[in-house]
Amino acid sequence: MESLKQGANYVSETAKQALHGTSKEANKDVAKDSDAPIGTRASAAKDAVKDKAQESKHDAKADAHKQQI
């Protein structure tokens, strides 16, 4: 039963990791867009850094859950 719970947690963390990875890439594209206003670019760059941190956090959690299966 515990391994089933860990499996579900692994899938959840992996999905969150993918979501933040996608968001990070979108924010990087906005930050690189020379046609976007500087405030928008700066905000997107900041958000990309936050998304990278969240992506790494969820990756570590997913690995921990995977090892407990």
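The values are calculated or read from the model by the stated rules, or taken from the named source; none is laboratory data. Since we're looking at a predicted model, the values are computed, not measured. For neighbour counting, all protein chains shown are included, and Cβ atoms are generated from backbone atoms with ideal geometry for every residue, glycine included. Heads up: the accessible areas ignore ligands, DNA and RNA and are worked out on the full protein's heavy atoms, side chains in. Shrake-Rupley method; radii C 1.70, N 1.55, O 1.52, S 1.80 Å.
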Helix axis angle, 2-32 relative to the chain longest principal axis, alpha carbon, degrees: 10 degrees
Taking the chain and dividing mean pair separation by its residue count, relative contact order in percent (alpha carbons under 8 Å, at least six apart): 52 percent
Val11, Val30, reordered so the largest accessible area comes first (probe 1.4 Å): Val11, Val30
In degrees, nearest ten, helix 38-67 long axis to first principal axis of the chain (Cα): 10 degrees
Sites Ala36 and Lys57 - FRET efficiency at Förster radius 22 Å, r taken between beta-carbons, to 0.05: 0.20
Point-to-point label distance, Leu4-Lys50, nm (Cα→Cβ direction, 7 Å offset): 3.7 nm
All-pairs alpha carbon distance profile, the chain, 10 Å steps from 0, percent: 24, 35, 21, 14, 5, 0
Carbon/sulfur fraction of accessible area - the chain, other protein chains in place, 1.4 Å, %: 57 percent
Accessible area in the full protein assembly, largest first, 1.4 Å probe, for Asp63, Asp29, Asp35, Asp51: Asp35, Asp29, Asp63, Asp51
Accessible area (Å², per residue) of the chain, counting only protein heavy atoms and a probe of 1.4 Å: 68 Å²
